[in-house]
Amino acid sequence: MQFFQSVLLRLSTTFVTLLGVAVIVFFVIRVVPGNPIAMMLPPGATESDVTRLTALYGLDKSIPEQFLIWISGVIQGDFGTSITTKQPVLQLVLNRLPATLELSVMALIIAIILGGLMALTGTRLRGTKTEAAIDVTNGMALSVPDFLWGLILILTFGVLLPIFHISGRVTPSLQLPFTTNFYLTEAVLRLRFDLWLDIAAHMFMPALALAIPLAAIIGQLLKQSLKETMHLDYVTLARTKGYSETHVILHEALPNAILPTLTLVGVQFTFLIGGTVIIERLFSYEGLGNMAIDAVINRDLPLIQGIVILFAVIFTGFNLLVDLTYAALNPRLRHA
Amino acid sequence: MSDIYPAKLYQIDNLRLSLADMTQKPLIGAAPRLEILKGLSFDIPKGEILGIVGGSGSGKSTLGRALVRLLEPSSGTIKFDGQDITHLPETVLRPLRRRFQMIFQDPMSSLNPRHRVGQIIAAPLKLHGISNPKQCALEALDHVGLPRKFAARYPHELSGGQRQRIGIARAIALKPEFILADEIVSGLDVSSQAQVLNLLETLVKDLGLTLAFISHDLSVIRRLCTRILVLHQGQIVENAATAELFANPQAAYTRELLDSIPLPDPNQIWT
Ligand SMILES: Nc1ncnc2c1ncn2[C@@H]1O[C@H](COP(=O)(O)OP(=O)(O)OP(=O)(O)O)[C@@H](O)[C@H]1O
Ligand SMILES: [Mg+2]
């Protein structure tokens, strides 16, 4: 019952957060310089052309009035029409969303595998040279941001050692039988592993660039919590019962050490999605982030608003999910 | 014959143990070694309740951890039931570990918060191939005087005294020959203390256990133990039967300890 109440509370705060984001983005992009109408018109357009187009997009009304029109549309699921492509914003955004989601999830999986392996190996081999080497690698991975990793990967694997694709989402000449834009997922479902391989090979480099800093954070925090847990009496006791060191780490220490890391992954995953904006640009990957940059360059106000709202929905939704998982995994919270 | 020379479960000979002193570690290079146990020799006969006393930092816990081979001695020998276990590698020790168990001071931190009591007791039994672990776990609960329904509870749903009983149940469920109890009643109030001590006494008799009981509280030791080992700065200063030690303490340090017992002998007030 209490659990249910706290879920309701979280949902309502989530709604308020989203409304706040909508207000801020709407007003900010109207205050910064740049006129979308001026960018659409050919040179030599007359004053009356400008007035006509401005009225057509409702940009002649006062900003609060524009906001009310927009937000009442949003509530009904109408995010307006893109100024540059003349297509509904919702459709444009939803078409690109799968690409970004697949990229982010792949990056997250890579980060968890790399970070988890570093933490577990470091704990198992504590006090050895391997542990020291892992710590140094971790520190290096942490001190370089994702977009620099992107450039490093492009230089090494795109230019010097061209074994991975560094541009696009899929080889353009391939015939895609897909009905959704979740290419990677659909390739598996349709058992088209040839396509899957091509798509994954395109995603691997940008996903790795996004994953490396997160892997380092996961590795560091998880190793730290493991270290603290390994000193606890019940872990020592498990050893006196005759369990192997690996069993002790995996079954006694890990489940109790993982909660702080899980929370952190939740927070960091939203940063990772934020990171897709630049990484998608670097790797010419056709996702939301890449579209966001185009939208800003073109001052496509409705499109920018739509993308920001969608990002906000993903962020808050994901945080909600993490909180719920956290509560479900912790017996002390579950019974409280 | 066995009356004169009771079988010895533990034989400890010139046991030394040093640890790296991390507080003195130079920036580069190895930390200096700190000798914690400085050549201990004693035996633990089967069926004995051995009290280990000494001031804080005297090395009681370190000795205990060496006995159950959580620590590896630097030199000397530890023989368990005739077998030299001083430097046995972990893989060889593992099957032996069932035979010497340990109970910790803090009952909360020694129970994995994520597991139910029944699972905590039964899991090691499975590891050692003991048949019917669930049934054995319930019987262990009977032994320590807890209702069987506690098997379904999580550690945080128990009181301190109950948790300590779970710690004992978990140790005896493996049917060990030896149990090391490190300050296991220090965190409990006087009445739970008495209950746990009574329980230990009964279990030792009923199950034919040998027990080493570490405490800094001489009154607890006096009540429970048949023999007492007094440690001071990593050395044995006295090793005597309980009655003998209290009647006629030999070492100056033992007398100091006896004088510091909080409740003095009431007769002394009038002399
Ligand atoms: N991991 C360690 N590294 C270095 N020194 C240690 C370590 N563990 C214990 N010591 C030192 O060894 C000495 C003996 O410690 P031990 O824990 O055996 O004492 P104790 O008799 O159990 O004391 P207490 O009654 O306070 O529990 C202490 O001086 C302590 O500082
Ligand atoms: Mg101690």
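The values are calculated or read from the model by the stated rules, or taken from the named source; none is laboratory data. As the structure is a computational prediction, the values presented were derived from the model and not from experiment. No Cβ is skipped: glycine too gets one built from the backbone with ideal geometry, and neighbour counts run over all protein chains shown. All accessible areas refer to the heavy atoms of the entire protein, side chains included, with ligands and DNA or RNA removed. Shrake-Rupley method; radii C 1.70, N 1.55, O 1.52, S 1.80 Å.
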Matching residues in the stretch B:108-117 - criterion: being more than 8 Å from chain A (Cβ to nearest Cβ) and touching a Phe, Trp or Tyr at 6+ places or on another chain (Cβ under 8 Å): B:H115, B:R116, B:V117
Cβ-Cβ under 9 Å pairs, at least 6 apart or on other chains, the stretch A:143-160 side among the hydrophobic types (A, V, I, L, M, F, W, C), far side loosely packed, with under 13 Cβ neighbours inside 10 Å: A:F157/A:I163
Unmet requirement for B:A151, which otherwise passes all of (1) away from ligand 1 (no atom under 16 Å from the Cβ); (2) within 12 Å of chain A (Cβ to nearest Cβ); (3) surrounded by 19 or more Cβ atoms within 10 Å (Cβ to Cβ): (2)
Given (1) free of Cβ contacts under 8 Å to residues at least 12 places away in the same chain; (2) within 24 Å of B:E201 (Cα to Cα); (3) within 11 Å of another protein chain (Cβ to nearest Cβ), number of the condition B:E157 does not satisfy: (2)
Residues of the stretch B:114-147 that turn out to be in a helix (DSSP H, G or I) and free of Cβ contacts under 8 Å to residues at least 60 places away in the same chain, as a count: 21
Residue check for B:F80: crowded, with 22+ Cβ neighbours inside 10 Å, more than 16 Å from ligand 2 (Cβ to nearest atom) and in the same structural domain as B:A241 (by TED's automatic domain parsing): yes
Restricting the stretch B:202-220 to residues that are closer than 9 Å to B:L50 by Cα and either touching a Phe, Trp or Tyr at 6+ places or on another chain (Cβ under 7 Å) or not aromatic (F, W, Y) (or both), the residue that is farthest from ligand 1 (Cβ to nearest atom): B:T210
Residue that is crowded, with 23+ Cβ neighbours inside 10 Å and out of contact with any strand residue (DSSP E or B) (no Cβ under 7 Å at 6 or more places or on another chain), where the choices are A:I297, A:I279, A:I258: A:I279
Considering residues of the stretch A:213-243 that are without any contact (Cβ under 8 Å) to a residue 12 or more places away in the chain and assigned to a helix (DSSP H, G or I) only, the residue surrounded by the most Cβ atoms within 10 Å (Cβ to Cβ): A:L237
Criterion violated by A:D198 - all others in (1) open to solvent by 40 Å² or more (accessible area, probe 1.4 Å); (2) more than 20 Å from the chain's Cα centre (by Cα) satisfied: (1)
Selection from the stretch A:27-46 of residues that are loosely packed, with under 12 Cβ neighbours inside 10 Å and of a type in the set (A, V, I, L, M): A:V28, A:V31, A:V32
Flag for A:T261 being modelled with pLDDT under 95 and more than 14 Å from chain B (Cβ to nearest Cβ): yes
Residue list for the stretch B:209-263, filter: open to solvent by 30 Å² or more (accessible area, probe 1.4 Å), polar (S, T, N, Q) and either assigned to a helix (DSSP H, G or I) or within 19 Å of B:F104 (Cα to Cα) (or both): B:S219
Of residues in the stretch B:171-188 being touching a residue at least 60 places away in the same chain (Cβ under 8 Å) and not in a loop (DSSP other than H, G, I, E, B), the one farthest from ligand 2 (Cβ to nearest atom): B:I172
Filtered residue count, the stretch A:11-26, keeping only those that are open to solvent by 70 Å² or more (accessible area, probe 1.4 Å) and either more than 26 Å from the chain's Cα centre (by Cα) or not β-branched (V, I, T) (or both): 3
Residues (away from ligand 1 (no atom under 16 Å from the Cβ) and open to solvent by 50 Å² or more (accessible area, probe 1.4 Å)) located in the stretch B:179-200: B:D189, B:V190, B:S191, B:Q195, B:N198
Given (1) within 15 Å of ligand 1 (Cβ to nearest atom); (2) surrounded by 13 or more Cβ atoms within 10 Å (Cβ to Cβ), number of the condition B:Q11 does not satisfy: (1)
Residue in the stretch A:244-251 that is open to solvent by less than 60 Å² (accessible area, probe 1.4 Å), under 30 Å from B:K126 (Cβ atoms), among the acidic types (D, E) and touching a Phe, Trp or Tyr at 6+ places or on another chain (Cβ under 8 Å) present: no
Segments classed as strands (runs of 3 or more DSSP E), wholly inside the stretch B:1-107, with at least 1 members that are within 13 Å of chain A (Cβ to nearest Cβ): B:8-20, B:100-103
